[in-house]
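Inspection log for the structure reproduced underneath, given as structure tokens.
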Amino acid sequence: GSMGARAREDAIGRCMQGLVTSGRERQAGGRPGHHGHGLARRRVPVGARRRRDCSAGEDGAKPALAPVGNQRPRHGAGRTLAGTDHARRDLTLPLLCGVPVALAFGLIASMGTSILTMIIAAVGAWYAGWVDELIQRITEINLVLPFFALLIMIGTFYSRSIWVILGATILLSIFTGAIKGYRAIFLQVKESMYIEAARAYGASNSRIIFFYLIPRMIPLLIPSLVQSIPAFVFLEASLAVIGLGDPVLPTWGKIIQDAQANGALYKGYYYWVLEPAVLLMITGLGFSVLGFALDRVFNPKLRDV
């Protein structure tokens, strides 16, 4: 029993001596010459120890580092649904955002042009005289003006905002050949019997124009309105391709312009040009087919064709 007690006392003494020695080494900063092994210890900052401990997994294995330098994933059509551009930005977003911009520009320009053209033609055909002569002279002058060149001048010297380009497009598209076609039809409708009846019971000029003349043109207006939408969509894309598109909105034409500026075809990134071009062709084909179908519905002469 005395031997076992002495062994326990020796073990306790050694443990206490080890604790005291380790405490003195920590106070001395691990410098040689103090109580300890005399080995210089490298201090590790607390933040570094925490980052090292947190970066290691539960099994002690270090996680894979993020790719840097030339190890970054290359851009191309296989990375995303529509591919990426030179800055590795997904092209799906500008392609989708370009849909409402193109359709809104085409619809607003087509509706504004068609409706204003029909109203001006109806006013000229009804009042005749100097009003009709003035409208016809303005139309003839506008027909010889370079439409696209005027838009380029507006975008270069004034503003590239899509609203400015839209307003200029509507104003320059009102007095075109369509106004002469509407005028010819209004001159025929003007001599109808129901127009004479409206005059007999004292209908005003504005009532006859907006309630008797213009409604007769709506069946002819709708097909032409739908068929003219692709022309305005292509017009906006053409201005964007030459660098005169809206600097804020993402459009299909701007995608093609960015591809041209960064040498997409030279570098082999054909998808960068083909995707917006295909969307433009699908838009034009869809509205053209719809316009032809509506023309057969509203025009009785084409139903048997």
Checklist entry - When region 125-150 is examined, which residues are found to be more than 19 Å from Leu166 (Cα to Cα) and in contact (Cβ under 8 Å) with a residue 60 or more places away in the chain? => result Ala125, Trp126, Tyr127
Checklist outcome for this item: Condition set under 27 Å from Val164 (Cβ atoms) and without any contact (Cβ under 8 Å) to a residue 24 or more places away in the chain, scope region 254-276, selection surrounded by the fewest Cβ atoms within 10 Å (Cβ to Cβ): answer is Ala261
Item to check | Meets criteria (over 16 Å from Ala109 (Cα atoms) and surrounded by fewer than 15 Cβ atoms within 10 Å (Cβ to Cβ)) for Arg199 | outcome: yes
Item to check | Candidates Pro250, Pro219 - the one that is surrounded by 12 or more Cβ atoms within 10 Å (Cβ to Cβ) and in contact with a Cys (Cβ under 7 Å, 6 or more places away or on another chain) | outcome: Pro250
Checklist entry - Which one of Ala121, Ala104, Ala109, Ala82 is at pLDDT below 90, under 26 Å from Ile229 (Cβ atoms) and not charged (D, E, K, R)? => result Ala82
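Quick grid of which residues meet (1) surrounded by 12 or more Cβ atoms within 10 Å (Cβ to Cβ); (2) under 36 Å from the mean Cα position of the chain (by Cα); (3) under 27 Å from Pro219 (Cα atoms); (4) of a type in the set (Phe, Trp, Tyr):
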| site | (1), (2), (3), (4) |
| --- | --- |
| Val123 | yes, no, yes, no |
| Trp126 | yes, no, yes, yes |
| Trp130 | no, no, no, yes |
| Leu166 | yes, yes, yes, no |
| Thr169 | yes, yes, yes, no |
| Lys190 | yes, no, yes, no |
| Ser206 | no, no, yes, no |
Next on the checklist: Among the listed residues Leu285, Leu235, Leu274, Leu265, identify the single one that is within 24 Å of the chain's Cα centre (by Cα), closer than 20 Å to Ile174 by Cα and part of a helix (DSSP H, G or I).
Outcome noted: Leu235
Checklist entry - Can you spot a residue in region 292-302 that is without any contact (Cβ under 8 Å) to a residue 24 or more places away in the chain, touching a Ser or Thr at 6+ places or on another chain (Cβ under 7 Å) and part of a helix (DSSP H, G or I)? => result no
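The values are calculated or read from the model by the stated rules, or taken from the named source; none is laboratory data. Given the structure is predicted, the values throughout are model-derived calculations rather than measurements. Note that we place each Cβ from the backbone using ideal geometry, even for glycine, and neighbour counts take in every protein chain shown.
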